[in-house]
Amino acid sequence: MDIETARANMIEQQIRPWQVLETQTLDALRRIRRERFVPAQHRHLAFADVQIPLPAGSAGAGEVMLEPKVGARMLEALSLGGGDRVLEIGAGSGYLVALLASLSAHVTAVEINPQLLTLAQRNLAMAAIDNITLQSGDAHAGWGEPGQFDAILISGSLPVITEAWPAALADGGRLVGIEGHAPAMTAVQLVKNGGRVLRETLFETVVPRLRNVSEPDLFEF
């Protein structure tokens, strides 16, 4: 496989058509070597428009690397600046952490799966990315102190993104996550504006749940 051609095709054929057009986002996608964050047995899928399974170990199952276009669209919706403090929920293989770190001052990434935490640590160290803090923890109900972060990316889905999440944002902070139920979940952007939280719908997709999330009853009788 010609890796650079595959990377360019990923950007031009998958990501740009999904309205990911900002120069800083596209440059980050070119700089960060996605193939180095993909498990070896799936490396042939590094640039494919698919979710890529990640090692489950004894801690759980269902974790994936998101499709390139989904991760890129979420990244762009955060509108990151070089001084931003970012929280990422679900470190996975470390790929989204690396993209976030390339566009911000510091990233705190929380991962519940010990095997994935180790994988992310190794991959990020090999990529020489050091403006990060990786933490082990269960963040399905929120994370961080009030006003601690300028941006939050939730890489697993939730039934609904509650008000507990933007509480950790500074004023003007942005949160991007995915909520709802298969087969049609919705990516949303929340912006903290004084005492209000403004919500915008971005696109439809389906991604695995964050672990330990309680599913509400969908029907009432």
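The values are calculated or read from the model by the stated rules, or taken from the named source; none is laboratory data. Keep in mind the model is a prediction, meaning the values are calculated, not measured. Here the Cβ is made from the backbone with ideal geometry for all residues, glycine too, and neighbour counts use every protein chain on show. When the accessible area is computed, the model is the full protein with side chains, heavy atoms only, and any ligands, DNA or RNA have been set aside. Shrake-Rupley method; radii C 1.70, N 1.55, O 1.52, S 1.80 Å.
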Quiz prompt | Pair-distance profile P(r), taking every C-alpha pair of the chain, with 10 angstrom steps and integer % | solution = 8, 36, 40, 14, 2, 0
Self-check item: GluC sites (Glu not before Pro) restricted to region 92-188 and DSSP loop, no more than 15 other C-beta within 10 Å
Solution: 163
Self-check item: Karplus-derived 3J(HN,Hα), 6.51/-1.76/1.60, for each residue of region 145-161, Hz, glycine and proline x
Solution: 8, x, x, 6, 10, 8, 8, 10, 10, 9, 8, x, 8, 10, x, 8, 8
Quiz prompt | region 97-209, accessible surface, carbon-and-sulfur percent (1.4 angstrom probe) | solution = 52 percent
Quiz prompt | When the convex hull of its Cα atoms is projected in every direction, mean area for region 92-221 (nm²) | solution = 8.8 nm²
Quiz item: Residue farthest toward the positive end of the dipole of region 46-196, with Cβ of Lys/Arg at +1 and Asp/Glu at -1: which of 101, 162, 120?
Solution: 101
Quiz item: Going out from 0 in 10 Å bins, what whole percent of all Cα-Cα distances in region 1-55 drops into each bin?
Solution: 22, 55, 21, 1
Quiz item: Can you give the charge dipole size of the chain about its Cα centre, rounded to the nearest 20 debye, using +1 on the beta carbon of Lys and Arg and -1 on the beta carbon of Asp and Glu?
Solution: 500 debye
Quiz item: Residue farthest toward the positive end of the dipole of region 25-179, with Cβ of Lys/Arg at +1 and Asp/Glu at -1: which of 129, 143, 39?
Solution: 39
Quiz item: Can you tell which of 185, 74, 126 shows the greatest fluctuation in a Gaussian network model of the chain with Cα springs below 10 Å?
Solution: 126
Quiz item: For the chain, what proportion of DSSP beta bridges, expressed in % and rounded to the nearest 5, is antiparallel?
Solution: 45 percent
Self-check item: Relative contact order %, the chain, counting alpha carbon pairs below 8 Å whose residues are six or more apart
Solution: 15 percent
Self-check item: Options 48, 19, 181, ranked by Cα towards positive dipole end of the chain, top entry (Cβ charges)
Solution: 48
Exercise. Find the accessible area per residue for region 1-84; the probe is 1.4 Å, ligands and nucleic acids are left out, and the unit is Å².
Key: 47 Å²
